[in-house]
Amino acid sequence: MKKKSGWNAPLVLLGVWTLLLVLFPLLYVLLMSFLTTGESFGVEYKLTLANYRRLLEPQYYGVYRSSLRIACLTTAFTLLLGYPFAWFLSRQRERTRNVLLMLVVIPFWTSALMRTYGWMILLRNKGLLNGLLQALHLIDRPIRMLNTPGAVLLGMTYSLLPFMILSIYTSVEKLDYSLVEAARDLYASPLQVFWTVILPQTLPGILSGCVLVFVPAAGMYFISDLLGGGSGMLLGNLINNQLTVSRDWPFGAALSVILIVITFLTMNVYRRYTLSERRDDDA
């Protein structure tokens, strides 16, 4: 049979979409990071490395540490909460499982900004949570919950937890339970069964969830602004300030390049692992 000639329309449209909405914006940000800030407003088209030299100034080290710390803590908490829930979800009957999956997805139907405002109402000094604790006589005076690092971590974890749950659930659902039963028949303890059988099979979902949580957690700024009250500067807040307040677009672009590099590094780690797993399966 003769091969059909002609162009693949969906593939061409996908390529155009990738160029216009992915590659060109990234190149624009990269180019902007090498330009010079204008004296009054905007940029001057003079190439310079000054923006990247500013990234090495000690005053920004605390921002980098805070951003990485909140991203790592958010990833850890979503993993600790998401893995047991994903496991519990996979063990339910189909009707119950569908209802629980719907409850996990429902937060995506509303704006993340509106959900964050909801947490502000709950955590403020005269909010519902403090009122409930006082009504139960557990505290005498309101506890300061809002405008704290803990509130930022809570908001990050709440916003990104569904990504972790859904990623792990896809791996747990494909788990080969015959291997689990075989390990139990060989008198393996529950901990041994988890480490030697369950964890290796669900590790791809864990890594996928960690990537989906860590990358946005490193760049989110509105949660820190609303729940942290500006008490701690994160990388996303710094970028927002440079673009909207200081109007230093080239330096803001250089800061954005850091987030792009973090994204590529985390994606590369995940890609390397999946490729090695495929080689092991083929062997």
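Only Cα pairs under 8 Å and at least 6 apart count here; give the relative contact order of segment 168-270 as a rounded whole percent. Computed value for segment 168-270: 23 percent relative contact order.
The distance separating the Cα centre of segment 54-78 from that of segment 24-43 comes to 24 Å.
Over the C-alpha trace of segment 1-159, radius of gyration and Dmax come out as 24.7, 84 angstrom. Rounded to whole numbers, the Karplus 3J(HN,Hα) couplings from phi for segment 133-138 are 5, 6, 5, 8, 6, 8 Hz, using 6.51 cos²θ - 1.76 cosθ + 1.60 with θ = phi - 60°, and x at Gly and Pro.
Scaled against 2.2 N^0.38 Å for its residue count N, the alpha carbon radius of gyration of the chain is 1.25. What is the percent carbon and sulfur in the accessible area of the chain, measuring with a 1.4 Å probe over the protein chains and ignoring ligands? Carbon and sulfur: 67 percent of the exposed surface of the chain.
Over segment 90-208, the fraction of Cα-Cα pairs per 5 Å bin, rounded to whole percents and listed from the shortest bin up, is 2, 10, 13, 13, 13, 12, 11, 10, 9, 5, 2, 0. Each of 21, 130, 142 was scored by the projection of its Cα onto the charge dipole of the chain, and the greatest displacement toward the positive side belongs to 21; charges sit on the C-beta of Lys, Arg, Asp and Glu. Summarising the amide proton neighbourhood of residue 36: residues at separation of 5 or more, or on other chains, whose placed amide H is nearer than 5 Å comprise 44, 46. Each residue of segment 27-35 is assigned a 3J(HN,Hα), and the resulting list reads 5, 5, 5, 5, 5, 4, 5, 9, 8 Hz, derived from the Karplus form 6.51 cos²θ - 1.76 cosθ + 1.60 (θ = phi - 60°), x at Gly and Pro. Excluding ligands, DNA and RNA, the accessible surface per residue across segment 11-91 is 68 Å² with a 1.4 Å probe. Look at where the Cα atoms of segment 135-193 and of segment 250-270 average out, and the two centres are 28 Å apart. Starting from a Cα-only point model with no solvent, please compute log10 I(q)/I(0) by Debye for segment 164-283 at q = 0.11, 0.12, 0.13, 0.22 1/Å. Ignoring solvent entirely, the Cα scatterers give -0.57, -0.64, -0.70, -1.19.
Contact order, relative form, for the chain: 27 percent (alpha carbon pairs under 8 Å, 6 or more residues apart, mean separation divided by residue count). Scattering from the C-alpha atoms of segment 226-266 alone, worked out with Debye: what is log10 I(q)/I(0) at q = 0.22 1/Å? Relative scattering, expressed as log10 I(q)/I(0), comes to -0.73.
Loop-located trypsin sites (Lys or Arg not before Pro) in segment 115-180 (DSSP state other than H, G, I, E, B) with a sparse environment of at most 15 neighbouring Cβ atoms within 10 Å: 126, 144, 174.
The values are calculated or read from the model by the stated rules, or taken from the named source; none is laboratory data. Everything numeric here is computed off the predicted structure, so don't read it as measured data. When we count neighbours, we look across all protein chains shown, and the Cβ atoms used for this are built from the backbone with ideal geometry, even at glycine. The protein model used for the area step is the full one, side chains on, heavy atoms only, and it has no ligands, DNA or RNA in it. Shrake-Rupley method; radii C 1.70, N 1.55, O 1.52, S 1.80 Å.
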